[in-house]
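The values are calculated or read from the model by the stated rules, or taken from the named source; none is laboratory data. Since the structure is predicted, the reported quantities are computational estimates derived from the model, not experimental observations. Here the Cβ is made from the backbone with ideal geometry for all residues, glycine too, and neighbour counts use every protein chain on show. Surface accessibility is based on the protein's heavy atoms, side chains included, excluding ligands, DNA and RNA. Shrake-Rupley method; radii C 1.70, N 1.55, O 1.52, S 1.80 Å.
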Amino acid sequence: MILQDTLTQLILAHYPEAESSDIQCTVPPTPELGDLSIPMFLLAKRLRKAPALLAGEAAREIDFSQIAESATAAGPYLNLTLKRGSFAQQLLAQALAKEEKWGSNGIGKGLQVLIEHTSINPNASPHVGRGRCAMIGDSLVRLLRFEDYEVDVHYYVNDMGRQIGLLVLMMEEVEKASFDEILDIYVKANARAEADPEFAARGYELLARIEAGDEEVRRRFFEVTEMCLQGQLAVLRRIGARYDFFDHESDYVNDPRIAEVEKALENKGALFTDEEERRVVDLSKLGHALEEGRYFVLRRANGSSMYGCRDIAYSIMKHEKGADLNLMVLGEDHKLYAQQLALILEAAGYPAPETIYYSYILLKDGKMSTRGGKVVLLDDVLNQATALALERVTEQFPGLDERERVDIASQVAVAAIRFAVLRVKSTKNVVFDMQSALSFQGDTGPYIQYCCARIRSILRKWDAALPDCDSFVPEFQEEAEWRLVLKTAEFPDVVKDALNQRSCAGIGNYLLDLAHAFTSFYHECPVLTAQSTEQRMSRILLCAAVLQSLTNGLALLGIDAPERM
RNA sequence: GCCCCGAUAGUUCAGUGGAUAGAACGAGCGCCUCCUAAGCGCUAGACACAGGUUCGAUUCCUGUUCGGGGCGCCA
C-alpha cells in the first residue's frame, strides 16, 4: 500500500513501544466505514490495552490529517477515510511513470534465480496436465523477472528412459514418423512391452548400451528425442513458454559427481549393495523417519543407473551455477522422490532445490494417461479455442484484415486457457472441461482482455496528451471511480504476495476484481463526455493507470491484450 | 496398511486468525438512439462431519468421511 509507511510512522510516533509489524492495513467490509482499516488486536496486545478502547484513543489522539479526512473507531478497528485527491495523485503518478514496471517492488534486484520447469518426457505432444506445469513455471519466471530477479530457465530433457528405448525401437519399424504420430506410436510401444517381454528386454538392452557409451545408440536416441522435443516446444511456444537452457539427461550418465556423492553416502553408512546386487541408499541413515520410501535404488544389478542417479549429478550441476534461488516445478507425484533426493544431496553437502508442486488435471472419467493414450492435448485445445475466437472476432470486426483477426484470436485462445489454469491454486486437482475451457465469458482471461480493449478504445478517442499528474490533482466523487482507484492501488501488494507464495493465482483473481471494478465504473462514469474538464482529466488518467495495471498483470500470466477485440 | 495434498452456493473457483464468506457459470427478471452487450443491474443459493486451541476459526490442531497423489531396479 502506498500509504503504509506514512501510516506506520504516524502510529509509531504516538506509540513508541509498538512495532511496525503490529500495523497491518486491511480494507473495510463496506465503503461507508472508510477506505482503510487497521485492526487494533496486535497493537492492543503489545500495549496491553483493550482493542476497542485503543481504537477510540488512536482515532482521537493521532493526527492523520496529512493523509486522511477522518479517522474513526468502529469497535476494535481504526478506520480511515482518505484524502482522495492527494492519494489518487500519488497513485496515478506512480503507475503512469513506472509504465511496464508498475506493480514491481524490485525485490529481486541483484539476485539470481535458476528455475527448472516443464521437462516433459520426449515421447508425445503435451497434454493439458503437462501444460499446467509449463504455465505455472513460465508465469513464475515472468513474475521473478518483473521483480528484477535475473532468471535462467532450464528444461531437463529426459532423453534416455526406458520408454524412450521402446519408442526408438518402434520408430525404426515405421520408417519415418512425424511428431503428430508419436503419441499413437508411444501408446502402441507400451502396450507391446506389456504383452511381449522380449520386446521390453530389447528396450533395456538399448539403455545399457547407451550407458556403456555406444555412440550409435546414442545417436538413434537423439534423433527421436530431438524430434519430439522440437514438436513439444512448438506447442509450448504457442502458450508463450520459453526456456534458456536444455539439459540432456544423457550427459549426466557417467558424471563424476555421482561417484563423489556415493562416496559421501558410504561414509555415512547409508549406501549398500543388497542381496540382489543393487546399489541402494538406506535413507533412514540420513534422517528419513518412515519406512515408506526408506530405500532408494541408485543402480540396477547390472550396474546401469536409475533416473535418480543421473538426477543427483544434474541437481548438483544446477546448484553449482550459484543462483540465489534454485527452483523447480514438479508434479505432485514427485513429492516423495524429491524428498528422497533432497536427503541424498544434503548428505553430500549440497542444498536441495526449492520445489513447487502442482496437482493433476483430471478428466471427467478419471486421470489422464499418456501411456494409455487417454489425454486431452494442449495443441487441440488451443486449435479449438482459436477457431472459436476467430469466429467471434470476425463477427465483431468483419472489416479487419485476416492477419489481425487471426492474431487476436490466438491471443484470446491463449488467454482463455492460461487464465483458466493459472487462477486456480496449483495444489488443487482440476477437472478439465472443454466447454468451460473454451468459454470467453464471465471470469475468464478474455473478459480481462476485453476490459483492456474498451479502455484502449477510450484512449484512442482522447486526442490530447494525458494530463500531467505532477501539477494536476484529480478528483473522484463517484463511488464507482473511487473504488476503482483503491483497487488499482492494491496491485503492488498483490504482486508481492504472489512472489512470497510462489504462485500467480492471486494475480489472476485480483485482475478479475480490477476488471469488474473498471466495468462498473465504465457503466456509471462517462469519461469522454463527463461534465467538467477536471472530471474528464481525472477519469482519463484513471483509465490509463487501470490499463497499465491490467496489462502488467496479464503479462505476468503470459497473456497479451489486443488493441481491440 | 502407512505418508502427502485437497474438500466453500446446483457447478467451477476466490478468501494465509478478525467486521455482514466474494465472483463466475447455470436458473429467473431487466438493460444496446449512450466511450465495444466477449458487457451491466436485480433475484435465489455455500464453509463435508465431530471435537479442540483462541477474546475471536472457513482459516490452526486432532479424529471421521469422501476425492487425488505416493510407498526398492518407471521417469
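Some notes on this structure:
- Taking the centroid of alpha carbons for each part, region A:145-220 and region A:527-565 are 49 Å apart.
- Net charge over other residues, Cβ less than 11 angstrom from the Cβ of A:F521 (K, R count +1; D, E count -1): 0
- Förster radius 60 Å - calculated FRET efficiency between A:N302 and A:R145 (Cβ-Cβ, nearest 0.05): 0.85
- Per-atom-type breakdown for region A:485-565 gives carbon and sulfur 43% of the accessible area (1.4 Å probe, protein chains only).
- A straight line joining the Cα centroids of region A:224-286 and region A:1-21 runs 50 Å.
- Efficiency of FRET from Cβ geometry, A:R60 and A:K321, R₀ 60 Å, rounded to 0.05: 0.55
- Chain A - mean residue ellipticity at 222 nm from DSSP helices (-39,500 (n - 2.57) per run, n ≥ 4, rounded to 500): -17000 deg cm²/dmol
- Sorting A:T386, A:T488, A:T30 by solvent-accessible area of protein heavy atoms yields A:T30, A:T386, A:T488, largest first, with a 1.4 Å probe.
- 3J(HN,Hα) couplings calculated from phi for region A:351-366 with the Karplus curve 6.51 cos²θ - 1.76 cosθ + 1.60 (θ = phi - 60°) are, in sequence order, x, 7, x, 7, 9, 10, 9, 10, 8, 6, 8, 9, 9, 4, 9, x Hz; Gly and Pro show x.
- With the simple spin-label model, which puts each label point 7 Å out from Cα in the Cβ direction, the A:T6 to A:T273 separation comes to 7.4 nm.
- Amide hydrogen neighbours beyond the local backbone of A:H127, cut-off 5 Å, H modeled: A:L378
- Per-residue Karplus couplings for region A:453-460, computed as 6.51 cos²θ - 1.76 cosθ + 1.60 with θ equal to phi - 60°, are listed in order as 4, 5, 5, 4, 4, 5, 5, 4 Hz, Gly and Pro entered as x.
- Percent accessible area from carbon and sulfur atoms, region A:115-240, protein chains only, probe 1.4 Å: 49
- Gyration tensor verdict on chain A (Cα atoms; rounded if a/c is under 1.5, prolate if a/b is larger than b/c, oblate otherwise): oblate
- Working from Cα pairs under 8 Å separated by at least six residues, relative contact order for chain A is 16 percent.
- For A:A74, the residues whose modelled amide H falls within less than 5 Å of its own, excluding neighbours fewer than 5 places apart on the same chain, are A:N79.
- Average accessible area per residue (Å²) across chain A - probe 1.4 Å, nucleic acids and ligands excluded: 45
- By accessible area with a 1.4 Å probe, ligands and nucleic acids excluded, highest first: order of A:W462, A:W482: A:W462, A:W482
- Interchain or long-range residues, amide H under 5 Å from A:I356's placed H: A:M328, A:V329, A:L330
- Region A:4-82 - percent of accessible surface contributed by carbon and sulfur, probe 1.4 Å: 53
- Percent of beta bridges antiparallel (DSSP, chain A, rounded to nearest 5): 55
- Whichever lysines have a C-alpha closer than 22 Å to that of A:K268, once near sequence neighbours (fewer than 8 apart) are set aside: A:K285
- Using 0.36 nm per residue and subtracting the Cα-Cα separation, the extra length available between A:S21 and A:E266 on full extension is 83.4 nm.
- Alpha carbon centroid spacing (whole Å) that separates region A:339-373 from region A:437-500: 38
- Heavy-atom accessible area order for A:K428, A:K374, A:K487, A:K45, largest first, 1.4 Å probe: A:K45, A:K428, A:K374, A:K487
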